[in-house]
Amino acid sequence: MVIVIVEDDVKMREELSRLLTSNGYKTILIDNFKDISEQLKRLKFDLVLLDVNFPFENGYEICRKLRRTNNVPVIFVTSRNTDYDELLSIKVGGMDFITKPYNKSVLLEKIRRALDNINPNNFREITKKGYTLDLHLSILKYEGYEVELTRNEFRILYYFFINDDRIITKEELLEYLWNDKYYLDEGILIVNINRLRKKAKEIGISNLLQTIRGKGYSL
């Protein structure tokens, strides 16, 4: 698991990195605090540890922007300790909040729980927009009907289920499938999407994976 540390105190940043690496995590350290949001867009990671006070944009705004394109857990690690700060961290999409100086064991437990919450192996089904995806049997369900999916169809649809609030490009899908070792070229991707749509219609879903002209697809 890869954790991004966004902390402008060098000593604290390095301390967090040592703690995480000694517990089996990989870390990415942000040390340039201009355009943090843009930097995060270019990285691949599983969780963010995020401070609040930065010179160009605060952590709450960074989290709010991240939520537009990414659903990874964000844990605020900050010296701010009011109820209002904790409430604001939740409103902008943070999963958890811990104040400095932090207890190492508590922080590690918060990280473990946050990562468990996004681990699909801990869930049997995901439901979005009335459609249910069985994560263990690779079945799409709708209003009492169901249809079995192939491995590639399932992987494609699963990515849409965990990113249901945004448009996904063909390039992004291909990159995701490549990284997960389910490589498809563009032609095979289109074939699989069309098969998914056909199967969805068989159980009464008429608009699965809508094409957004010039942009991509949405759930």
*Index of the failed condition, GLU86 passing every other in (1) surrounded by fewer than 21 Cβ atoms within 10 Å (Cβ to Cβ); (2) assigned to a strand (DSSP E or B)*: (2)
*Say we look at region 30-42 and pick out the residues that are closer than 23 Å to TYR102 by Cβ and surrounded by 12 or more Cβ atoms within 10 Å (Cβ to Cβ); which of these is farthest from the chain's Cα centre (by Cα)?*
PHE33
*asked:* I'm trying to understand the selection: among the residues of region 43-64, which are within 13 Å of the chain's Cα centre (by Cα) and surrounded by fewer than 19 Cβ atoms within 10 Å (Cβ to Cβ)?
replied: LEU43, LYS44, PHE45, ASP46
*In region 71-83, how many residues are under 22 Å from PHE161 (Cα atoms), crowded, with 18+ Cβ neighbours inside 10 Å and out of contact with any Gly (no Cβ under 7 Å at 6 or more places or on another chain)?*
2
*How about region 76-94: which of its residues are over 14 Å from ASN53 (Cα atoms), of a type in the set (Val, Ile, Thr) and in contact (Cβ under 8 Å) with a residue 12 or more places away in the chain?*
VAL92
_Just checking, does region 150-166 include any residue being out of contact with any Cys (no Cβ under 9 Å at 6 or more places or on another chain) and exposed (fewer than 11 other Cβ atoms within 10 Å of the Cβ)?_
yes
_Looking at the structure I just gave you, is SER17 of a type in the set (Ser, Thr, Tyr) and either in contact (Cβ under 8 Å) with a residue 24 or more places away in the chain or more than 29 Å from GLU175 (Cα to Cα) (or both)?_
no
*From the list GLU125, GLU186, which one is touching a strand residue (DSSP E or B) at 6+ places or on another chain (Cβ under 8 Å), of a type in the set (D, E, K, R) and not assigned by TED's automatic domain parsing to the domain that holds VAL74?*
GLU125
*Go through (1) in the same structural domain as THR21 (by TED's automatic domain parsing); (2) modelled with pLDDT under 90; (3) among the acidic types (Asp, Glu) and name the single condition GLU109 misses.*
(2)
*Within the set of pairs 6 or more residues apart or between chains, which connect a residue that is part of a loop (DSSP other than H, G, I, E, B) inside region 95-108 to a residue that is of a type in the set (A, V, I, L, M) with Cβ atoms less than 7 Å apart?*
MET95/VAL74; MET95/ILE75; MET95/ALA114; LYS100/VAL77; TYR102/VAL77
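Kindly state which strands (runs of 3 or more DSSP E) lie completely within region 119-219 and contain at least 2 residues that are farther than 24 Å from ASN71 by Cβ.
Passing ranges, in order: 145-148.
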_Selection from region 61-91 of residues that are of a type in the set (Ser, Thr, Tyr) and over 22 Å from LEU115 (Cβ atoms)_ = SER79, THR82, TYR84
_I need the full set of residues from region 89-110 which are farther than 19 Å from LEU16 by Cβ and in contact with a Ser or Thr (Cβ under 9 Å, 6 or more places away or on another chain), in order please._
none
*Restricting attention to region 92-148, which residues are touching a helix residue (DSSP H, G or I) at 6+ places or on another chain (Cβ under 7 Å) and farther than 22 Å from ASP165 by Cβ?*
PHE97, ILE98, LYS104, ASP116, SER138, VAL147
*Scan region 41-60 residue by residue and report those that are among the β-branched types (Val, Ile, Thr) and more than 17 Å from ASN117 (Cβ to Cβ).*
VAL52
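The values are calculated or read from the model by the stated rules, or taken from the named source; none is laboratory data. Predicted model only: the values in this text are computed from it and were never measured. For neighbour counting, all protein chains shown are included, and Cβ atoms are generated from backbone atoms with ideal geometry for every residue, glycine included.
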